[in-house]
Amino acid sequence: MTDFTVLIPARYQASRLPGKPLRKVGGVPLVCRVLERAWESGARRVAVATDDERVAKTVRESGGEAVLTSPHCASGTDRLAEAARALELADGEPVVNVQGDEPFMPPDLIRETAAALEAEPVRDMATAAHPLRDWRRVLDPNCVKVVTDARGDALYFSRAPVPWPREVLGGEWPGSEGPDGAGPPEGFRLHIGIYAYRAGFLRTFAGWPPTALEQHEALEQLRLLENGVPLRVIECVHPPGLGVDTPEDLAEAERRLARTESGSHQ
C-alpha cells in the first residue's frame, strides 16, 4: 500500500460562505467531516492547513493535526506548500490535497490518486476526472472540464465545454440547457479537485508565478501545463458529489447526509 500524507487546506473567510470550515453538517464541523474521509483513506498522516486559530483548535479537539499558515497565502497550493515545510515532509513523499469543502470525498479516490502518482516515477502530480453525461454540467462554467492525451496526461482544463462537439452543436452556442434530445456525446470529463504531488514538487509549483492561461480561466492547475510539466489524470468511477461553497450547498449537504444515514440504518 502506498504511504502518503493528506493535507486539507481550510481558509476561514470563504467569500460565499464565511466561516465555512466550522459550519456544521449533521452537527459536525465541515472540516471535521473532511478529516473523517481522509482518515478512512489509510493515509499515514492527515493534517489541516489553516489560517485561523479557531479552525486549528476545532481540528485538534477532534483528535486531528493542524498547521497554522499565513493569512496571506495567495492560493490553496501556497498554503499546502507552507504546511509541507512546517511538517518537514521529505521531497519524495506523496501528498494528497483534499479540499476542505468536500465532506463526501470517497476514501478510495484519495488512495487511488496517491497510488497513481506512486506508479509513475516520472510524474510529479496526478489528479482525477469523471465522465459527464449532463448538458447542464457540460455548459456550466463552474464545472471544470479536462481533455487528455492517449497516455492519460492532461492537455487542457477549461470552464468552457471542451472538446467542442461540432457534429452536435455546429457553430451555435446552445444556451445553458443544451440541445433537446440526447445527452452530450462521449468525451466530456469533469475535473475532480483532488491532487497528489511529491512534497518537493509542491514547493516548486507554489514558487512559480501565475501564468496567462491560469489567470484567464482562474484555474491554478493550468500553471503546471504552461510550464511543460505532465499531469496524470485518472478515471474516477464514483465522483465525490457535492462540494460546499454556498449556504444552499450546505443545506443540500445536510439533506444528503440525512439520506445516507437513514439508508445505513435500514
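Without any contact (Cβ under 8 Å) to a residue 60 or more places away in the chain and of a type in the set (G, A, S): does that describe A43?
Details: without any contact (Cβ under 8 Å) to a residue 60 or more places away in the chain: no; of a type in the set (G, A, S): yes.
No: the conditions fail for A43.
One line per residue, one yes/no per condition, for (1) among the hydroxyl-bearing types (S, T, Y); (2) under 15 Å from the mean Cα position of the chain (by Cα):
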| residue | (1), (2) |
| --- | --- |
| V46 | no, no |
| T50 | yes, no |
| R54 | no, no |
| H72 | no, no |
| E102 | no, yes |
| R111 | no, yes |
| A115 | no, no |
**OP:** Please determine, by comparing only the residues of the range 208-256 that are more than 20 Å from H191 (Cβ to Cβ) and touching a residue at least 40 places away in the same chain (Cβ under 8 Å), which one is surrounded by the fewest Cβ atoms within 10 Å (Cβ to Cβ).
**Re:** P247
Original post:
Does T260 fit the bill of being in a helix (DSSP H, G or I), among the hydroxyl-bearing types (S, T, Y) and farther than 24 Å from V96 by Cα?
Top reply: yes
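Taking the range 155-201 only, how many residues are small (G, A, S) and either closer than 30 Å to P9 by Cα or modelled with pLDDT of 90 or more (or both)?
Of all residues in the range 155-201, those small (G, A, S) come to 158, 160, 170-171, 175-176, 178, 181-183, 187, 193, 196, 199-200.
Checking which are either closer than 30 Å to P9 by Cα or modelled with pLDDT of 90 or more (or both) leaves us with 158, 160, 193, 196, 199-200.
Here the count works out to 6.
If we keep just the residues of the range 257-266 that are of a type outside the set (G, A, S) and touching a residue at least 40 places away in the same chain (Cβ under 8 Å), which is surrounded by the most Cβ atoms within 10 Å (Cβ to Cβ)? Reasoning before the result, please.
Looking only at the range 257-266, we keep the residues that are of a type outside the set (G, A, S), and these are 257, 259-261, 265-266.
From the residues that got through so far, the ones that are touching a residue at least 40 places away in the same chain (Cβ under 8 Å) too are 257, 261.
Values: L257: 18, E261: 10.
Here the answer is L257.
So that you can scan it fast, the table gives a plain yes or no per residue for (1) touching a helix residue (DSSP H, G or I) at 6+ places or on another chain (Cβ under 6 Å); (2) closer than 19 Å to A199 by Cβ:
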{"site": "I8", "(1), (2)": "yes, yes"}
{"site": "L17", "(1), (2)": "no, no"}
{"site": "V28", "(1), (2)": "no, no"}
{"site": "A38", "(1), (2)": "no, yes"}
{"site": "R44", "(1), (2)": "no, yes"}
{"site": "K57", "(1), (2)": "no, no"}
{"site": "E65", "(1), (2)": "no, yes"}
{"site": "T77", "(1), (2)": "yes, yes"}
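The values are calculated or read from the model by the stated rules, or taken from the named source; none is laboratory data. This is a predicted model, so every value here is computed, not measured. No Cβ is skipped: glycine too gets one built from the backbone with ideal geometry, and neighbour counts run over all protein chains shown.
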